[in-house]
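What follows is one structure encoded as C-alpha cells, with my remarks underneath.
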Amino acid sequence: MKKIFIIANWKSNKSQIEAIDWLEQAEEMEISLPENKTLVLCPSFTLLADVSFFIQEHKLPIYVGAQDISPFDSGAYTGAVNAKQIKEFGDYTIIGHSERRRFFNETDEILKNKVELSQKYGLKTIYCVQSKNDTVPEGVDIVGYEPVGSIGTGQPDSPENANEMAKYIKGKYSFVQFVLYGGSVIAENVANFTQQSYIDGVIPGGASLDPKNLFGIVENS
Ligand code: PGA
C-alpha cells in the first residue's frame, strides 16, 4: 500500500486554549491511523511546545511540524526561530509556502538556505511549489504542489492536473520521493487526489482547523 502524508497547516490561527481544545477533541475521537498514513500537525511557533507535549503525553498518532523556519542558524537574528529550536518539538517543517513567498518576499535563495538548515538539523521538509516555474532545492524528498488559485478558495485543482504536475516534479528531480497536493482539500474531495498514481498525500489548511474535518480527510485519503 502506498504511503500517504496528511500535512495539517493551521497557518496563523489558534490561541493556546483553542489548540489544546482541538487536541482534546482529537483524543476523544480515538483515531487510529493505518501504518501507511502519516499525519503531521503544523501549528504556529508559539504552540509548538504545548502541542508536542500534549501529543507525547496522550500518545496521539500525530507528528508535529513547523510552518516555516529561519533562513539563519542560531545567533543574532532577532525574531527568528531556527531549525535547531524547532527540532526540539517537531520532526517536520513546511518551507516555501506561497504565502511566505507572497507576503514575506521569500526568494529561491532564502528558501535554499532554509532547506540546508532543515537538513542540517534533521527536519523533514515539505517544500512547496506553485507551478513548474518554481525549482526544488537539491535533496528535498517531499514536495507540496499548491496552485495559488486553489488555496483557500474552495476551488481545488483538477486531480488529473495535480497528478500530471506530481509526475513532472518526480521526473525532473530524481531526489523527490513524495509529491503532495494542497489547495481546498476537504473530506469530500481528498480521495480524488490520493487515488492518483503520482500523488502521495495532501496539505489541508482551512479544513484542518476543525478536528472532525481533518479526521474525515485522514479517513477518506
Ligand atoms: P487550504 O490551504 O486548504 O485552506 O486551501 C492549503 C494550504 O495553503 O496549505
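Exposure proxy check: Met29, Met1 ranked by fewest other beta carbons within 10 Å? All intermediate terms of the calculation are to be shown ahead of the outcome.
Values: Met29 13, Met1 7.
In increasing order of surrounding Cβ atoms, one gets Met1, Met29.
Arranged from fewest to most other beta-carbon atoms within 10 Å of their beta carbon, Ser32, Ser74 become Ser32, Ser74. Couplings for region 93-109, taken from phi via the Karplus curve 6.51 cos²θ - 1.76 cosθ + 1.60 with θ = phi - 60°, read 8, 7, 9, x, 4, 4, 5, 5, 5, 7, 8, 10, 6, 7, 9, 4, 5 Hz in order; Gly and Pro are left as x.
In what sequence do His58, His97 fall when counting other Cβ within 10 Å, fewest first? Don't skip to the answer; put the middle values down first.
Values: His58 12, His97 27.
Ranked by crowding around the Cβ, least crowded first: His58, His97.
In loop segments of region 1-109 as defined by DSSP, the GluC sites (Glu not before Pro) with at most 12 further C-beta atoms inside 10 Å of their C-beta are Glu30, Glu35, Glu88. In a reduced charge model with +1 at each Lys and Arg Cβ and -1 at each Asp and Glu Cβ, the chain shows a dipole moment near 640 debye about its Cα centre.
Cross-link pairs exceeding 27 Å in C-alpha to C-alpha distance, out of Lys37/Lys167; Lys14/Lys124; Lys132/Lys212; Lys114/Lys172, comprise Lys132/Lys212.
Read the figures in this text as sums done on the coordinates, not as results from a lab. Quick caveat, the model's predicted, so the values are computed rather than measured. FYI the Cβ positions are ideal-geometry reconstructions off the backbone, even for glycines, and counts take in every protein chain you see.
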